Amino acid sequence: MSDIRSFLISNKAGDEVCITNFGARIIQWYTDVNGEERNIVLGYSSLAEYLDDPFYHGAIVGPFANRIENARVEIDGQTYQLDANEGLNQLHGGRHGLSQQFWQLEDQQAQSITLSCQLADGHDGYPGATSFFVEYQLTDDGELQIQLSAETEKNTVVGLTSHPYFNLAGVENAADNHLLTINAEYYTEVDSKMIPTGAILPTKDTRFDFQKPRILTHDPRDEVDQNFVVNPRNKSQAILISPDKQLQLHVSSDLPGLQVYTGHHLFGRFSAKQGICLEPQYFPNSPNLKDFPFALTTPEQPFSAKICYRLVKPQTDITDN
Ligand code: BGC
């Protein structure tokens, strides 16, 4: 088995992000808040614990993030049966998805790192030998830019995301009372198995309306595990603000959906709701739903997407741009 390793990138402001080769995961993100170092990404205290992690902590998930109904896709008239790992459905790329793979180091600089992972033709049913790449870059103004890409030899299904659990209060503290804004007028309705029905419904007058900032309380109504149809891309898809209001996280991406998951299924080593995931993605099951935006990854059309997590400290900048 390959060795599990970690790599540090840092910026001139002193922010530090630690990444591991197992699942290309973000395992720590330290930032200075009024003179104190705060780690804002949940993680284990030893690297070895990541090998048994059931929660996708910090991982790049895929080949297709979120759920695929019956773990089945049709590509060019042919049906492909993928690995099912949530009943009959597939979640986050199946049991041997990218979060469970050892990635190779391609390049490391002071402020950036690139990792790659190759999956063989037929890996867990996905067609086409495919190379996946992630570049993490930490800018001097506190933005973690994640460039995701994939090149394939056959037409295939790719839809990657990043799965850190954020706790802007600092991971040792409760995550209650974060303030959340989601720039979404619509969400994709799901059935009891979390598979989209195909309906795209307004968030207005529902518990999914976060267009104005809302405090995440202990009320079950604030347990969210939902894909949002985010408004066009010139603004942040979501803004999370720490309970003490000293730190903001602005999420932007060129992907059309945002899974917001308030971490209520965490248990054991972590408490329920100790961290919040903000995962830009294609809508769940979109390869099987023709009205949902989705494009196959082909030899001619590689996959490419960008996710930016930007830290803003109100004393320096409180605008959303
Ligand atoms: C999903 C949750 C799932 C979690 C697994 C999230 O992206 O939306 O339903 O439980 O990942 O850690």
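The values are calculated or read from the model by the stated rules, or taken from the named source; none is laboratory data. All values reported here derive from a predicted model rather than from experimental measurement. Using ideal geometry, Cβ is built from the backbone for each residue, glycine included, and neighbour counts are taken over all protein chains shown. Accessible surface areas use protein heavy atoms only, side chains included; no ligands, DNA or RNA. Shrake-Rupley method; radii C 1.70, N 1.55, O 1.52, S 1.80 Å.
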* Might you work out the accessible area of LYS313 for me, using a 1.4 Å probe with all protein chains in place, and round it to the nearest 10 Å²? => 40
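In what sequence, highest mean first, do 52-59, 280-287, 294-301 appear when ranked by Cβ atoms within 10 angstrom? Each step should come with its number before you reach the end.
On the way: 52-59: 20.5, 280-287: 25.2, 294-301: 14.8.
Sorting 52-59, 280-287, 294-301 by mean packing, highest first, produces 280-287, 52-59, 294-301.
Against the globular-protein guess of 2.2 N^0.38 Å, express the Cα radius of gyration of the range 91-153 as a ratio, rounded to two decimals.
Working: Rg = 13.5 Å, N = 63, 2.2 N^0.38 = 10.6 Å.
Taking N as the residue count of the range 91-153, the ratio is 1.27.
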* Asked: With every protein chain in place, what's the accessible area of THR114 (1.4 Å probe, Å², nearest 10)?
  -> 30
* Structure fact -> At q = 0.26 Å⁻¹, the log10 of I(q)/I(0) for the range 232-321 from a Debye sum over equal Cα scatterers comes to -1.27
* Asked: Alpha carbon centre of the range 100-143 versus the range 279-300: separation in Å?
  -> 20
* **Nitroxide proxy distance, nm - points 7 Å out along Cα→Cβ at LEU8 and GLU37** => 0.7
* Structure fact -> Across all Cα atoms of the range 23-132, Rg and the largest Cα-Cα distance (Dmax), in Å, are 16.7, 58
* Asked: Residues with beta-carbon under 13 Å from that of PRO302, excluding PRO302: net charge, scoring Lys, Arg +1 and Asp, Glu -1?
  -> -2
* Asked: So what does the Cα-only Debye profile of the range 132-180 read at q = 0.14 Å⁻¹, as log10 I(q)/I(0), no solvent term?
  -> -0.60
* May I ask you to list the aspartates and glutamates whose Cα is less than 18 Å away from that of LYS193, ignoring any residue fewer than eight positions away on the same chain? => GLU69, ASP83, GLU86, GLU223, ASP225
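What ranking of SER99, SER252 comes out by heavy-atom accessible area, probe 1.4 Å, highest first?
Working: SER99 0, SER252 35 Å².
Largest accessible area first, the list is SER252, SER99.
Distance check, please: which entries in LYS12/LYS212; LYS12/LYS245; LYS212/LYS235 exceed 26 angstrom between their Cα atoms?
Working: LYS12/LYS212 33 Å; LYS12/LYS245 23 Å; LYS212/LYS235 14 Å.
LYS12/LYS212, as the Cα separations exceed 26 Å there.
Please list the equivalent ellipsoid semi-axes of the chain, computed as the square roots of five times the alpha-carbon gyration tensor eigenvalues, in descending order and whole angstrom.
29, 24, 18
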* Principal semi-axes in Å for the range 80-195 [√(5λ), Cα gyration tensor, largest first] -> 28, 24, 14
* To do: Post the alpha-carbon centroid distance, the range 201-217 to the range 55-81, in whole angstrom.
  => 28
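From largest accessible area down, sort HIS265, HIS123, HIS178, HIS96; use a 1.4 Å probe on the protein chains. Before the final figure, lay out the partial values.
Working: HIS265 110, HIS123 45, HIS178 0, HIS96 85 Å².
Correct descending sequence by accessible area is HIS265, HIS96, HIS123, HIS178.
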* Structure fact -> Partner aspartates and glutamates whose C-alpha sits under 13 Å from that of LYS306, ignoring same-chain residues fewer than 8 away, are GLU135, GLU143, ASP254, GLU279
* Asked: So how much accessible area does TYR44 have, in Å² to the nearest 10, using a 1.4 Å probe?
  -> 30
* **Point-to-point label distance, GLN81-HIS265, nm (Cα→Cβ direction, 7 Å offset)** => 2.4
* Probe 1.4 Å, all protein chains present, accessible-area order of PHE102, PHE22, largest first -> PHE102, PHE22
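Stokes-Einstein D for the range 198-277 at 4 °C, 1.567 mPa s, Kirkwood Rh over Cα pairs, in µm²/s?
On the way: Rh = 14.0 Å.
The Stokes-Einstein estimate is 93 µm²/s.
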* On full extension of the chain, what length is gained from SER112 through ASN177, given 0.36 nm per residue of separation minus the C-alpha to C-alpha distance? -> 20.2 nm
